[in-house]
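Trainee: Structure in structure tokens, see below.
The values are calculated or read from the model by the stated rules, or taken from the named source; none is laboratory data. No experiment lies behind these values; they were computed from the predicted model shown. Here the Cβ positions follow ideal geometry from the backbone for every residue, glycine too, while neighbour counts run over all protein chains shown.
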Amino acid sequence: MQLHYSDLSPFARKVRIVLLEKGLDSQVEKVEVSPYEPGGQLLLANPLSKVPTLVLDDGTALYDSSVICDYLDSLTGAPLGIPNVGMPHYVARRRLALLDGILEACFNISCERNRRPESERSANWVSHWGEAVARGVDALETEHRLFGETLSLVHISTVCALDYVSFRAPDLIDWRSHHSGLCGWYEEFGEREAMRATRPGI
């Protein structure tokens with residue numbers, strides 16, 4: 001298998017953490033790519049030119065981090081996935097949607113600040129996305145108490161979201177100063193070996 005990823009992508013990071021936690025890391029060739037490179041090899045596997053993209057040994061390409069994580073989770077070991085049935089399934093999916101929403105808003109902030117010409121940047125949009133991230137992190141202060149003690153994709157996604165907020169928008173959301181419960185939770189799960197090994201230069 002071959003994983004196309006970017007070191008700074010939190011969505012690709014989720015996949016890299018799952019690889020490590022499931023003991024599959026050595027079975028996957030990792031190719032660091034730029035989603036913005038025109039005509040690059042990523043585009044051959046994913047017409048959207050997005051990371052992460054996983055190419056299987058038979059040439060089948062899987063993309064979207066949730067799809068890739070589900071596939072890897074099915075291969076071996078104790079499951080990291082969410083409950084399969086009933087309300088716990090939908091609550092877990094809601095949490096994953098919240099976490100992806102935080103990541104997407106932070107990504108938008110980063111693009112607005114770093115990829116648009118300064119004259120075209122919108123302070124209003126940055127404020128709008130920042131407020132969404134802040135509300136999402138506020139929700140996590142309550143939600144994390146219900147995650148349970150067994151590592152899951154929700155735990156992994158939460159660590160990725162919090163680290164990405166610290167990396168991309170520390171001036172807008174200082175979650176450590178205002179969420180003591182979440183900080184304690186992070187100290188337990190955010191310092192696992194797989195989390196530390198994949199953390200960008202925060």
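Trainee: For GLU104, only one of the following conditions fails: (1) under 25 Å from TRP125 (Cβ atoms); (2) among the charged types (D, E, K, R); (3) touching a residue at least 24 places away in the same chain (Cβ under 8 Å). What is its number?
Mentor: (3)
Trainee: Can you find, within region 55-86, the residue that is surrounded by the most Cβ atoms within 10 Å (Cβ to Cβ) among those that are part of a helix (DSSP H, G or I) and within 15 Å of the chain's Cα centre (by Cα)? Step through it out loud before you land on a result.
Mentor: Step one: list which residues in region 55-86 are part of a helix (DSSP H, G or I), which gives 65-73, 86.
From what is left, the residues that are within 15 Å of the chain's Cα centre (by Cα) are 65-70.
Numbers: SER65: 29, SER66: 18, VAL67: 13, ILE68: 22, CYS69: 26, ASP70: 16.
Applying the filter and picking the extreme gives SER65.
Trainee: Then there's this: What helices (runs of 4 or more DSSP H) lie completely within region 90-202 and have 3 or more residues being under 27 Å from VAL18 (Cα atoms)? It would help to see each step written out before you state the result.
Mentor: Values: elements: 123-143, 153-168, 175-178, 180-189, 193-198.
Helices (runs of 4 or more DSSP H) meeting the threshold: 123-143, 153-168, 180-189, 193-198.
Trainee: Quick one: count up the residues across region 112-140 that are touching a Lys or Arg at 6+ places or on another chain (Cβ under 9 Å) and of a type in the set (Lys, Arg).
Mentor: 2
Trainee: Check region 32-50 and report whether any residue there is surrounded by fewer than 17 Cβ atoms within 10 Å (Cβ to Cβ), among the β-branched types (Val, Ile, Thr) and assigned to a loop (DSSP other than H, G, I, E, B).
Mentor: Looking for residues that are surrounded by fewer than 17 Cβ atoms within 10 Å (Cβ to Cβ), among the β-branched types (Val, Ile, Thr) and assigned to a loop (DSSP other than H, G, I, E, B), one finds none in region 32-50, hence no.
Trainee: Determine whether region 147-165 contains at least one residue that is farther than 30 Å from LEU72 by Cα, surrounded by fewer than 17 Cβ atoms within 10 Å (Cβ to Cβ) and not assigned by TED's automatic domain parsing to the domain that holds LYS14. Please lay out each step first, then the result.
Mentor: The initial filter retains those residues of region 147-165 that are farther than 30 Å from LEU72 by Cα, namely none.
For region 147-165, residues farther than 30 Å from LEU72 by Cα, surrounded by fewer than 17 Cβ atoms within 10 Å (Cβ to Cβ) and not assigned by TED's automatic domain parsing to the domain that holds LYS14: absent.
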